[in-house]
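See structure below.
The values are calculated or read from the model by the stated rules, or taken from the named source; none is laboratory data. What you see is a predicted model, and the numbers here were worked out from it, not measured in a lab. Positions of Cβ are generated from backbone atoms using ideal geometry, with glycine treated the same way; all protein chains shown enter the neighbour counts. All accessible areas refer to the heavy atoms of the entire protein, side chains included, with ligands and DNA or RNA removed. Shrake-Rupley method; radii C 1.70, N 1.55, O 1.52, S 1.80 Å.
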Amino acid sequence: MNRSLPAALALLVLFAAPALAAPPGFAFLEVPAGARASAMGGAFMAVADGVDAAFWNPAGLEGVQGLQLSATHYEYFANLRHEQFALAGRMFGGGIAGSVRAMYTEPIEERDALGNLVGTFGAHDLEFQLGYGRRLSERTTFGFAAQMVRERIASESAMTWGVSAGMGWEPARLKDLKLSVAAQHAGPAAHYEFDGQQGAPVELPAALHGGIAWHKAFGGGFALTPALDVRATRGRPAVVALGGELDSESGLALRAGVRQGDDIANVSAGAGWRYHAYRVDYAWVPSKLDLEDTHRFSFSAQF
């Protein structure tokens, strides 16, 4: 067994200790990133590789080849939007990626106490992140990332920073199996200020997130990838995600997933199409809250 594995796992557990604290804010950081991941119910931690790993486990950035980009758009209920963009390349012996993630509303009507329209206001959450991943040994990868996070409601805003670290491992005796674990979003709380007074802390959703995936190729050009994720987030019930992807040599992929412990969604499905260095993905995620379904679209490319 690789001797670096137990030490790295111990480091990650200590790193994620803040996940046992009070309930967090910045919930947009907990939404499964990417339409491919969303279609698999968020069971994507051990699947994420290359530029896709920018929002999951920075250790997966070791898989970056050439120049890669990924862009995602989510259509939510009540004119709520969620965008993600990442650009990755190779540098300093590993993979490096810069990413931005944003959730925002269209203008919302603002009215006075009498119901008169006095204008509009908006709200947004925004994250900028820089991550790096490289190989520690033949079967072990490690990565880390730093982020700046900002939230604004009308004219008020709060900002903070956080860090993440993760690793991936491919057991020698279990062919086609991959394990992945990361400690995410550890950092100080943000604060709003009202009339010069500091408001209550808005904590980051610090979490310990682990996943396992098995990729098996079959005859006829088909491959199946089942995956299981468990995420323990500060102040929230643990979320368990189970998903799968059926891929073919033609480039077509079908996906489905289920989630347990998520307040918003519990099932999902989707499809993707790969053509040479380009991939387009779609996910359908119905809401448990009797709200509109979510439609999620992603595009990725390698140059």
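Below are the figures for this structure:
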quantity: Positive-end residue, the chain charge dipole about Cα centroid, Cβ charges, pick of Ala146, Pro226, Ala207; calculated: Pro226
quantity: Unit charges at the beta carbon, dipole of the chain: most positive-side option, Phe303, Gly168, Phe128; calculated: Gly168
quantity: Sequence-separation-based contact order of the chain, relative, with Cα cut under 8 Å and 6+ spacing, percent; calculated: 21
quantity: Using a Förster distance of 41 Å, the FRET efficiency for Arg135-Tyr104 (Cβ separation, nearest 0.05); calculated: 0.65
quantity: Cα gyration tensor category, rounded, prolate or oblate, for region 176-238 with a/c compared to 1.5; calculated: prolate
quantity: Using alpha carbons only: equivalent-ellipsoid semi-axes of region 121-237, gyration tensor based, whole Å; calculated: 38, 16, 13
quantity: Solvent exposure ordering (accessible area, 1.4 Å, most first) of Glu245, Glu75; calculated: Glu75, Glu245
quantity: Largest-first ordering by accessible area, 1.4 Å probe, given options Ile212, Ile96, Ile153; calculated: Ile153, Ile212, Ile96
quantity: Over the chain: helical MRE at 222 nm, DSSP H runs n ≥ 4 each giving -39500 (n - 2.57), nearest 500; calculated: -1500 deg cm²/dmol
quantity: Cα point-scatterer Debye curve for region 185-303, base-10 log of I(q)/I(0) at q = 0.10, 0.18, 0.23 Å⁻¹; calculated: -0.47, -1.09, -1.27
quantity: HN-Hα J in Hz across region 40-52 - Karplus 6.51, -1.76, 1.60, θ = phi - 60°, x for Gly and Pro; calculated: 8, x, x, 7, 9, 4, 8, 8, 4, 8, x, 4, 4
quantity: Under Karplus coefficients 6.51, -1.76 and 1.60, residue-wise ³J(HN,Hα) of region 232-242 in Hz, glycine/proline x; calculated: 10, 10, 3, x, 10, x, 5, 10, 10, 10, 10
quantity: The chain, Cα convex hull volume normalised per residue, Å³; calculated: 140
quantity: Residues whose placed amide H lies under 5 Å from that of Ala206, excluding near-sequence neighbours; calculated: Arg234
quantity: Sites Phe85 and Glu292 - FRET efficiency at Förster radius 22 Å, r taken between beta-carbons, to 0.05; calculated: 0.35
quantity: Nearest-ten-degree value, helix 4-15 long axis tilted from longest Cα axis of the chain; calculated: 10
